[in-house]
1. Leaving out ligands and nucleic acids, note down the accessible area per residue over the chain with a 1.4 angstrom probe, in whole Å².
2. Kirkwood hydrodynamic radius, computed over distinct alpha-carbon pairs, for segment 85-179: how many Å, to one decimal?
3. Please compute the modelled spin-label separation between Leu13 and Val150, points set 7 Å along Cα→Cβ, answer in nm with one decimal.
4. Whole Å is fine, so just give me how far the alpha carbon centre of segment 97-129 lies from that of segment 38-73.
5. Please report, as a whole percent, how much of the solvent-accessible surface of the chain comes from carbon and sulfur atoms (probe radius 1.4 Å).
6. Anyone know which of Gly26, Gly62, Gly96 comes out most mobile in the 10 Å Cα GNM of the chain?
7. For the chain, what log10 I(q)/I(0) values come out of the Debye formula at q = 0.10, 0.14 1/Å, with one point per alpha carbon and no solvent?
8. Under a Cβ-only charge scheme (Lys and Arg +1, Asp and Glu -1), can you give me the dipole magnitude of the chain about the Cα centre, in debye to the nearest 20?
Amino acid sequence: MQNIAKVSVLRKLLLQKRSGIEDIKGVYRWWFKSDSAKDLISELSLTQYDIERIQVRLMEDGQEYWALYFGISKDMLSRAKWHILQPHTISAVKHGTLSTLRQTISALLNTPMSMSEDIVNAYIDANCYWEWEYEENPEDIERKALSSSVCYPLNIKENRTVNKSVISQLKVLRKQYKK
């Protein structure tokens, strides 16, 4: 992928309307600092084989990061705002319009979704990079990514990169913290 930014920097640029992200189709990955990634997914029943298949990258800050989530969008700018800036309103939680990634992070941090906005923001600002690329056919790339030999443990929909028990665990956790 071609574009990558630390989430804390991207948050500021999005708020200033200077992110440079375009409102066109594309794919994206969420990269998590390896130590925080290990802690975040520690309760999931991932096998050593799953963990060995997570993409690893050394980032500009000199630290190792893991790609835990892969996604697509018809509008990359809106998707960046949705994942990075979305408030955790009771309505968004109740109606399931809270970003799926934010729902998952809230649940994995053992915090009710309607009370976790600041916690999730602090977590992703301290531990994540967002990488994106514009693509004409993002659905084809997602289909390949979620059935490949690379493991994306935080994806739920159509994810064939992890055991179904991991997806079941994530669904149960998300339901438990959907309050």
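1. Details: 9110 Å² over 179 residues.
It amounts to 51 Å² per residue over the chain.
2. Evaluated on segment 85-179, it is 14.4 Å.
3. Computed distance between label sites Val150 and Leu13 equals 2.0 nm.
4. Between the Cα centre of segment 97-129 and that of segment 38-73, the gap is 16 Å.
5. On the way: 4540 of 9110 Å².
Of the solvent-accessible surface of the chain, carbon and sulfur hold 50 percent.
6. Fluctuation is largest for Gly62.
7. Log10 of I(q)/I(0), two decimals: -0.35, -0.73.
8. Rounded to the nearest 20 debye, it is 660 debye.
The values are calculated or read from the model by the stated rules, or taken from the named source; none is laboratory data. Quick caveat: nothing in here was measured; it's all calculated off a predicted structure. When we count neighbours, we look across all protein chains shown, and the Cβ atoms used for this are built from the backbone with ideal geometry, even at glycine. The accessibility values were calculated without ligands, DNA or RNA, using every heavy atom of the protein model including side chains. Shrake-Rupley method; radii C 1.70, N 1.55, O 1.52, S 1.80 Å.
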